[in-house]
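What follows is a set of notes on a single structure, which appears directly below.
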């Protein structure tokens with residue numbers, strides 16, 4: 001069976017590697033065009049998938065637009081029987097409907113839960129104790145096609161988006177090859193997602209995350225804030241504004257915290273610190289202790305290093 005693989009980020013490399021090292025007949029790879037990088041954007045940076053594909057000696061296509069006639073002809077010329085999509089773009093039917101055996105996608109959630117662009121982040125933000133990966137056949141509506149296989153993953157209270165990403169990347173690679181084996185053997189029994197839920201309005205979604213999405217909301221409980229921060233760590237990262245008495249605001253990214261639920265009388269957003277070893281944010285039901293952060297214009301550091309270099313009176317600061 002001739003396979004075309006489509007993907008772009010590091011998450012997609014592991015599944016491609018599993019196919020190549022497993023001896024599957026990958027006849028081409030489709031990925032995003034190289035991105036400008038460097039100080040002036042003068043250097044073009046290939047995607048992680050392109051880098052691996054070239055090292056493996058695979059043909060690479062990088063269309064600007066997926067409906068371009070030239071690209072469709074190049075894709076057709078590869079005579080693929082099956083297409084596999086991992087962390088790529090939304091495909092037009094002219095692409096996903098091309099191969100005889102169809103096109104399947106690997107999604108980093110247990111569909112139909114967390115359809116959308118950021119399933120890993122939102123699962124952790126929402127405090128899920130279980131997530132997983134799903135393979136499904138592509139159709140018109142995004143992330144709604146028939147499910148082929150799923151694999152579950154337990155999420156601990158200390159996991160963040162980074163650790164869950166890496167675990168799902170490895171689990172997904174195994175699921176991709178398992179799915180290909182089923183299709184090769186003509187034993188893939190895909191199940192409609194509609195049979196797995198009663199009310200679509202109750203399904204948690206995973207929309208794209210923007211900078212404003214990442215601002216820590218001080219109306220959250222300690223547990224909610226803790227999950228929010230680890231769900232955005234190490235990328236794109238939660239942030240707050242630190243406001244000293246002089247009013248000079250400083251944006252601070254927060255990577256890691258500890259929960260300290262308790263009853264207290266401090267206003268929400270107050271910072272408590274001994275100015276040497278700890279820094280706590282007061283929330284409605286306790287404190288969130290910051291362990292790792294990144295001040296504006298600086299590198300990521302632990303709280304002790306931050307307090308050593310912070311010149312303002314930390315006890316007179318607040319968070320907004």
* Asked: Computed FRET efficiency, Cβ-Cβ of residue 21 and residue 215, R0 51 Å: what is it to the nearest 0.05?
  -> 0.75
* Structure fact -> So the angle from the long Cα axis of helix 222-231 to the longest Cα principal axis of the chain, reported in degrees to the nearest 10, equals 40
* **Peptides 172-181, 4-13, 193-202, 88-97 ordered by average Cβ neighbours within 10 Å, highest first** => 4-13, 172-181, 88-97, 193-202
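Using DSSP, restrict attention to beta bridges with both residues in the chain and report what percent are antiparallel, rounded to the nearest 5.
Values: 41 of 59 bridges.
About 70 percent, rounded to the nearest 5.
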* DSSP beta bridge pairing in the stretch 160-313, given as percent antiparallel to the nearest 5 -> 95
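Count the DSSP beta bridges whose two residues both fall in the stretch 11-142, then state the antiparallel fraction as a percent rounded to the nearest 5.
Details: 7 of 13 bridges.
Around 55 percent antiparallel, to the nearest 5.
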* Please determine, in degrees from 0 to 90 and to the nearest 10, the orientation of helix 10-21 with respect to the longest principal axis defined by the Cα atoms of the chain, where the helix direction is its Cα long axis. => 40
* Structure fact -> Between residue 56 and residue 181, the two model label points (7 Å from Cα along the beta-carbon direction) sit apart by a distance in nm of 1.7
* To do: Determine the shape class of the stretch 212-319: with a ≥ b ≥ c the square roots of the Cα gyration tensor eigenvalues, call it rounded for a/c under 1.5, and otherwise prolate if a/b is greater than b/c, oblate otherwise.
  => rounded
* To do: Using a Förster distance of 41 angstrom, determine the FRET efficiency expected from the C-beta separation of residue 67 and residue 152, and round it to 0.05.
  => 0.65
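Please sort 222-233, 58-69 by packing, taking for each peptide the average over its residues of neighbouring beta carbons within 10 angstrom, highest first.
Ranking the peptides 222-233, 58-69 by packing returns 222-233, 58-69.
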* Histogram of C-alpha separations across the stretch 6-96, 5 Å bin width, % -> 3, 13, 25, 25, 19, 10, 4, 2, 0
* To do: Using 0.36 nm per residue of separation minus the Cα-Cα distance, give me the extension gain between residue 202 and residue 251 in nm, one decimal.
  => 14.2 nm
* **Cα-only radius of gyration and Dmax that characterise the chain, units Å** => 22.9, 70
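Please give the calculated 222 nm ellipticity per residue for the chain, where each DSSP H segment of at least 4 residues contributes -39500 (n - 2.57) and the sum is spread over every residue; nearest 500 deg cm²/dmol? Show your work: numbers first, answer last.
Details: 8 runs with 81 residues, N = 320.
The per-residue figure over the chain is -7500 deg cm²/dmol.
Under 1.5 on a/c is rounded, so check that first for the stretch 136-186, then, if it is not, pick prolate when a/b is larger than b/c and oblate when it is not; a ≥ b ≥ c are the square roots of the alpha carbon gyration tensor eigenvalues. Intermediate values should be presented prior to the final figure.
Values: a/c = 3.01, a/b = 1.67, b/c = 1.80.
It is oblate, given that a/c is not under 1.5 and a/b is not larger than b/c.
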* **Residue-span extension gain [residue 142 to residue 265] - 0.36 nm each, minus C-alpha spacing** => 39.5 nm
* Structure fact -> Between the Cα axis of helix 161-184 and the main Cα principal axis of the chain, the angle (0 to 90°, nearest 10) is 10
* Asked: Debye sum, Cα scatterers, the stretch 114-214, no solvent: what log₁₀ I/I(0) at q = 0.22, 0.24 1/Å?
  -> -1.31, -1.41
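We did not get these values from a lab; they are worked out from the coordinates using the rules stated. From a predicted model like this one, the values you see are computed outputs, not experimental measurements. Don't worry about glycine lacking a Cβ; one is built from the backbone with ideal geometry, like all the others, and counts go over all protein chains shown.
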